[in-house]
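Engineer: One structure coming up, written as C-alpha cells, with questions to follow.
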Amino acid sequence: MRLAPFVIAGVLMIAAAVAALVYFGSPRADLRVTIGPPGSPAYRFITAFASVTEAAHPRVHVKLVEVGDLAASAKAIESRAVQLGIVRSDAEIPANGETIAILRRDVVAFLTPAKSPIDKVSALAGKTIGLLTGPLQSYNERTLDTILGYYNVPAETVKRLFLPVAEIGAAVRDHRVAAVLAVGPMAPGEVSDAVSAIKTATKKTPLLLAIDEADAIGRQFPGLESIDVPAGAFRGHPAVPDDSVSTLAVSYRFVAPDTMLDAVAGAIIRSILTTKTGMMAKTPLANQIEAPDPDAKNPVLPVHPGVAAYLDTGEQSFFDAFQQYLYIGGMALSLGGSAAALLIGRFNRKKSESDLQRIDHLIGIADKAISAQSLAELQKMDEELNAIVAWFVKGQAVGAADSTAFSVAIDHARRAISRQRGLIGQRIAEGAVP
C-alpha cells in the first residue's frame, strides 16, 4: 500500500513525458503568406493576421513572404510559392486561385465638384481627371480605362493628373481637374480623404457620381462588381453621398492555390472568422473582413470548395474526428506536399497495416501527379486511385474503413490529378506539348 503513491506519481510522470514528447514531436505547419511593403495597409493587416493566428494556433507558424506589388502576389500563388496571398479582383489573377475570404471591398468613386455638369461617366470625354498618387495608382488607372471602355470613351481622350491627397482639393478648386477618381473602402481611407480635401478647398460638398449600369459592367468585367453606397458613407454632415448611390467596387481577397485541401481551406476561413475580433484590436482594416458568398458563380477567383463546404455546414466532421492533430496535419500536408508519416503517425493505431499503406499510396499518387508530363501518366494514376476508392467504398459498406482519413487522402489525390490534367490540356491546346 505504501508503494501506491509512488506508483501513481510514476504513472503521472510517464504520462507527462509522453504528452511532452507528442507535443514537441508533432509537426509544426508553416503557412506562407504574401505581405506588401512595410507601412502599407496590406502589411498592417497581414502582420495582425499572423500574430492572432499564431496565438490561436501555436503549432501554426505564419511565414511572411514580402512581395513588391499585387502582380507579384498573384504570381507567388500561381507558382505555389505561398499558400495564401492578397489579390485584387480587377488586377492580375492567378489562374489557379480560389477565394478563401473577402478582406475588403473598395468603392470606385468618381467625385465631382458641386454643381458640376458631369452627371455620367461618358461625360468625362475630353476632360482631365485627378487620381491620387500611391502604390495602387496604376491599378486604379487601369480600372478607369476599363470603365471608360464600357462607355466607348477612348482612354486617350481623358487626361490624367496624379496628385497627392493634399493637392487634390486645390486642383478641383482651380479647375485643373473636372473630377477625381478615388478607390477606397466605406470607412476612413482614400475616398473619405479625397472628399474632405475637396470640401476644404472648395467650401462645398462634392458629389458621388452614380453608375446606373454597374450590374451590366460587373457581368462584362467580373473583376468589378456593383455596390450600393448608403447616404453618408464618406462624410456625415453634409452627407456624401446625400442619398444611396449605385456604383462599382473592387475586392481584395485572401486567395489560395486550388491544390489546397478542402479541409485546410475550411480550417483557415473558420480561424479568420473566429479571430476577427482579435485582429480588429490590432488594425481597423480587419473590421471589413467577410466570408465569401458560397453560391457566387463569378468566374474570377471562385470560392474554394472547402470554404463553401464550411460556410454551408458550419463545422466539418474533419475537426470532430481528428481535432487539433489532423487540423495541423492536414495543413502541413497541403503546405509541404508529401507528408505521409504525418497522416500515418496520427492515424488510429488499431487500424490495419493495409489501411495505412493505402493512405500512403494515395499521398504518393498526389505527389506523382504534380510532376506528371502526360495524360497517359495521369490515366494510370487515375486507375490506381479508382482501385483504392473501390476498396474504400466496399470497406464503408461493412464499416471497416475510416471515412475521415481516407476522404482527406482521396480528395488530395483527386484534386492533384485533376489540376495537372488541366495544365497539360492547356499546354496541348497551346501547342506546347506534342
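Since every read-out is calculated from the coordinates, none of them should be taken as a lab result. Keep in mind that what you see is a predicted model, and the values were worked out from it rather than measured. Counting neighbours? That spans all protein chains shown, and the Cβs are built from the backbone with ideal geometry, glycine included.
Engineer: Please list 290-300, 361-371 highest first by mean number of surrounding beta-carbon atoms within 10 Å per residue.
Structural biologist: Most protected by this proxy first, the peptides run 361-371, 290-300.
Engineer: The range 105-251: Rg/Rh from Cα coordinates, Kirkwood Rh?
Structural biologist: Result for the range 105-251 is an Rg/Rh of 0.92.
Engineer: Students often check this: by mean Cβ neighbours within 10 Å, which of 242-249, 255-262, 188-195 ranks highest, and how do the rest follow?
Structural biologist: 255-262, 188-195, 242-249
Engineer: Run the Debye formula on the Cα coordinates of the range 194-236, all scatterers equal and no solvent, and tell me log10 I(q)/I(0) at q = 0.16, 0.27 1/Å.
Structural biologist: Ignoring solvent entirely, the Cα scatterers give -0.57, -0.91.
Engineer: Among the trypsin sites (Lys or Arg not before Pro) in the range 174-253, which ones are in a DSSP loop with at most 12 other Cβ atoms within 10 Å of the Cβ? Mind listing them?
Structural biologist: Qualifying residues, ordered by number: Lys203.
Engineer: Among the listed pairs Lys127/Lys204; Lys120/Lys159; Lys297/Lys380, which have their C-alpha atoms separated by more than 24 angstrom in this model?
Structural biologist: Cα-Cα > 24 Å for Lys297/Lys380; rest within.
Engineer: Further, regarding this structure: Computed FRET efficiency, Cβ-Cβ of Leu423 and Asp312, R0 30 Å: what is it to the nearest 0.05?
Structural biologist: So, using R0 = 30 Å, E works out to roughly 0.55.
Engineer: Hey, quick one: spin label on Asn287, modelled 7 Å out along Cα-Cβ, who in the range 110-147 has an amide N within reach, i.e. under 14 Å?
Structural biologist: The answer is none, because no backbone nitrogen lies closer than 14 Å to the label point.
Engineer: Right, next: Considering only the other residues whose Cβ falls under 11 Å of the Cβ of Arg173, what net charge follows from Lys and Arg at +1 and Asp and Glu at -1?
Structural biologist: Spelling it out: positives minus negatives among the neighbours equals +2.
Engineer: Can I ask one more? For a paramagnetic label modelled at 7 Å from the Cα of Tyr151 toward its Cβ, which residues of the range 196-215 fall within the zone defined by backbone nitrogen distances under 12 Å?
Structural biologist: Taking a point 7 Å out along Cα→Cβ of Tyr151, the residues of the range 196-215 whose backbone N falls under 12 Å are 209-214.
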